[in-house]
Amino acid sequence: TGGFSSSNLIGSGNFGAVFKGFLGSKNKAVAIKVLNLCKRGAAKSFIAECEALGGIRHRNLVKLVTICSSSDFEGNDFRALVYEFMPNGSLDKILYQESQTGAVALDWSHRLNIAIGLASALSYLHHECEQQVVHRDIKTSNIMLDINFNARLGDFGLARLTEHDKS
């Protein structure tokens, strides 16, 4: 991350900031979400994301690579989540850019593919996981786009795990 340099900042949210970084000897690009533990609810958000993403895998979910729960160089608590990097960013940035320029960044086949991908992810979370995962924060800034513009749902900081309805 270059010491969490502002030049590597790729996004920010209520509980922290996301930086582009490189991991390992192969310099694999990753997105590192660093939580601001001074913000009320940030620690709870970290736990919710770890619980929600801990044992699930789906092609339309952003992959959690690893987590970090440690202390920084001053002895303060430090929490970070490391995700696979999505080179096309979030859906909101593409749609916002498109509305500003008037140029169409996503044709209808891409838009349909994104909608189908998101529906597939939600169906998986609601019906196929051992415990039902309720995301609770679906919005365009939490829909990430991979190299082929496939939708990947991210940011599970408000997610809740529930038992499946038996009826």
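The values are calculated or read from the model by the stated rules, or taken from the named source; none is laboratory data. Quick caveat: nothing in here was measured; it's all calculated off a predicted structure. Glycine also receives a Cβ, built like all others from the backbone with ideal geometry; neighbour counts cover every protein chain displayed. In case anyone asks, the SASA skips ligands and DNA or RNA and just uses the protein heavy atoms, side chains included. Shrake-Rupley method; radii C 1.70, N 1.55, O 1.52, S 1.80 Å.
Give the range of the longest stretch in the chain that excludes all GluC sites (Glu not before Pro) found in loop regions by DSSP and having at most 10 other beta-carbon atoms within 10 Å.
In short, 1-73.
With r as the distance between the Cβ atoms of A103 and D72 and R0 = 35 Å, compute the FRET efficiency 1/(1 + (r/R0)^6) and round to 0.05.
0.25
Ignoring ligands, DNA and RNA, what percent of the accessible area of segment 34-86 is carbon or sulfur (1.4 Å)?
50 percent
For every helix of n ≥ 4 consecutive DSSP H residues, a contribution of -39,500 (n - 2.57) applies; sum these over the chain, divide by its total residues, and give [θ] at 222 nm rounded to the nearest 500 deg cm²/dmol.
One gets -7500 deg cm²/dmol as the mean residue ellipticity at 222 nm.
Work out the FRET efficiency for Q132 and L23 from their Cβ-Cβ distance, taking R0 = 22 Å, and round it to the nearest 0.05.
Computed FRET efficiency for Q132 and L23 comes out at 0.10.
Starting from a Cα-only point model with no solvent, please compute log10 I(q)/I(0) by Debye for segment 1-88 at q = 0.25 1/Å.
-1.48
Would you mind working out the accessible area per residue for the chain, using a 1.4 Å probe, and quoting it in Å²?
Per-residue accessible area for the chain comes out at 59 Å².
Within the chain, count lysine pairs with alpha carbon atoms under 14 angstrom apart where the residues are 8 or more positions apart or belong to different chains.
5
When only DSSP loop residues count, what trypsin sites (Lys or Arg not before Pro) in segment 1-39 have their Cβ near at most 11 other Cβ atoms within 10 Å?
K26
Can you list which of the trypsin sites (Lys or Arg not before Pro) found in segment 109-162 are DSSP loop residues with at most 15 other C-beta atoms within 10 Å?
Hits after loop and neighbour filter: R136, K139.
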